[in-house]
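The structure under discussion appears below in the form of structure tokens.
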Amino acid sequence: MRSLYSTDSARGVPPAVVLALSLAGTFAPSLACSTATAPASDPAAGQDPDQDEREATPVSSIRVQAALDDALASSEIVAAAVVLEVSSGALLGAAEIGGPELEHPLLEAFPPGSTVKPLMTLGALDAGVITEDLRVPCHGEYVGEGGPLSCFAEHGELDIAGALASSCNVFAYEVGARLGPAAASALLEAHGFGAASGLRPGEGLGNLPQDGSLALAAGHGSIRATPLQVANAYRDLARSDSAHKHVVIAGMVAAVESPGGTATAALVPGLRVAAKTGTADLSTPGPTPTYDSWTVVLAPAKAPEFVVVVLTHGGGVARDSAAPLAGTILTALFPS
């Protein structure tokens, strides 16, 4: 295992992240970052909205690195993990387990899968092309413009929180279709996709396609991103002052706390976090499918201090591979 610790902040004093899109020549919203954070609403039935959150004791980089090293020590497959400080953008710790054909997964780019969905959803809300009360029926396949495209399940009718919690592809494709391919690409570019994060030397650029494919809305197709790029993008989300952010965070909390959520393995008792999983099929031969799997966590959910990113390569889906590792890291960062 390689410990790739750095105290350097990649972006220095982070500039405002401005998304200037043009939808029918009339739209130019701003996703300016600020240190203010909106409280997450309670998305999960039966959960206490005033649940006490564990308080992070002052966290040293040494402790963060130890948490990452200990978590990845249990992984039998290629993996990478990152902890980014939200306030400063500093890389508090990073670790990786390479393999014969993939020596440095931290620096390599992978399909981000459903990790792009919260970013797309917030961008579409800010653009005014969807509203907070949007509901979309999922019957296992998106058949609108740009389709047909499949979902891994038939989810029924979902709102934003339910779609993010269950990671519904049909909902994501509907959001992407309303946003439009040019705006979707511009949104991800504004979050740093397609450009090195600057957090570590030797990092790949990834790939941000401009082919107009609706698959981009669910993080599929030819899009590629490094764990460091994904961490920076979620730092943008954590710092966004969008009036709609609470809806997205609610869906990410539901992913952890709701029975049907895809990130329940990242649950830490007494700590409310917001998380999103992502899974991309590697299409490798053999009886058992393997995946590139992600779990990204903002912790605590109400006022995020950390972005935690876990990537596993060549293992199971995110709920079974990356999410448990994320839970192990969170337990170490927020001891009871």
- May I ask you to verify whether Pro300 is surrounded by fewer than 24 Cβ atoms within 10 Å (Cβ to Cβ) and at pLDDT 95 or above? yes
- Task: Collect the residues in region 155-179 that are in contact with an Asp or Glu (Cβ under 9 Å, 6 or more places away or on another chain) and surrounded by fewer than 23 Cβ atoms within 10 Å (Cβ to Cβ), keeping them in residue-number order.
- Result: Asp159, Ala177
- So Leu106, is it in contact (Cβ under 8 Å) with a residue 12 or more places away in the chain, assigned to a helix (DSSP H, G or I), on the phi < 0 side of the Ramachandran plot and surrounded by 17 or more Cβ atoms within 10 Å (Cβ to Cβ): no
- All but one of (1) modelled with pLDDT of 95 or more; (2) more than 12 Å from the chain's Cα centre (by Cα) hold for Ser283; which doesn't? (1)
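Quick one: which of Ala326, Ala266, Ala254, Ala322 is crowded, with 24+ Cβ neighbours inside 10 Å, more than 30 Å from Pro100 (Cα to Cα) and not polar (S, T, N, Q)?
So the residue among Ala326, Ala266, Ala254, Ala322 that is crowded, with 24+ Cβ neighbours inside 10 Å, more than 30 Å from Pro100 (Cα to Cα) and not polar (S, T, N, Q) is Ala254.
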- Message: Here is a list: Leu187, Leu216. Which entry is buried (at least 22 other Cβ atoms within 10 Å of the Cβ) and over 24 Å from Ala318 (Cα atoms)?
- Response: Leu187
- Query: Which pairs have Cβ atoms under 9 Å, sit 6 or more apart or on different chains, and link a residue in region 259-276 that is of a type outside the set (Val, Ile, Thr) to one that is surrounded by 24 or more Cβ atoms within 10 Å (Cβ to Cβ) and at pLDDT below 95?
  - Reply: Arg272/Ala40; Ala274/Ala40
- Just to be sure, is Thr121 in contact with a Leu (Cβ under 8 Å, 6 or more places away or on another chain), hydroxyl-bearing (Ser, Thr, Tyr) and either surrounded by fewer than 19 Cβ atoms within 10 Å (Cβ to Cβ) or within 21 Å of Ala231 (Cα to Cα) (or both)? yes
- Restricting to helices (runs of 4 or more DSSP H) lying wholly in region 116-233: which have 1 or more residues that are under 18 Å from Ile249 (Cα atoms) and touching a strand residue (DSSP E or B) at 6+ places or on another chain (Cβ under 6 Å)? 117-127, 169-179
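In this structure, is Thr264 among the β-branched types (Val, Ile, Thr) and modelled with pLDDT under 95? Explain how you work it out, then say what you get.
On the way: among the β-branched types (Val, Ile, Thr): yes; modelled with pLDDT under 95: no.
When the stated conditions are applied, Thr264 does not pass them.
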- Note on the structure: Glu96 meets each of (1) among the charged types (D, E, K, R); (2) closer than 20 Å to Val248 by Cα; (3) modelled with pLDDT of 95 or more with one exception, condition (2)
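The values are calculated or read from the model by the stated rules, or taken from the named source; none is laboratory data. Quantities reported herein were computed from a predicted structural model and do not represent experimental measurements. Positions of Cβ are generated from backbone atoms using ideal geometry, with glycine treated the same way; all protein chains shown enter the neighbour counts.
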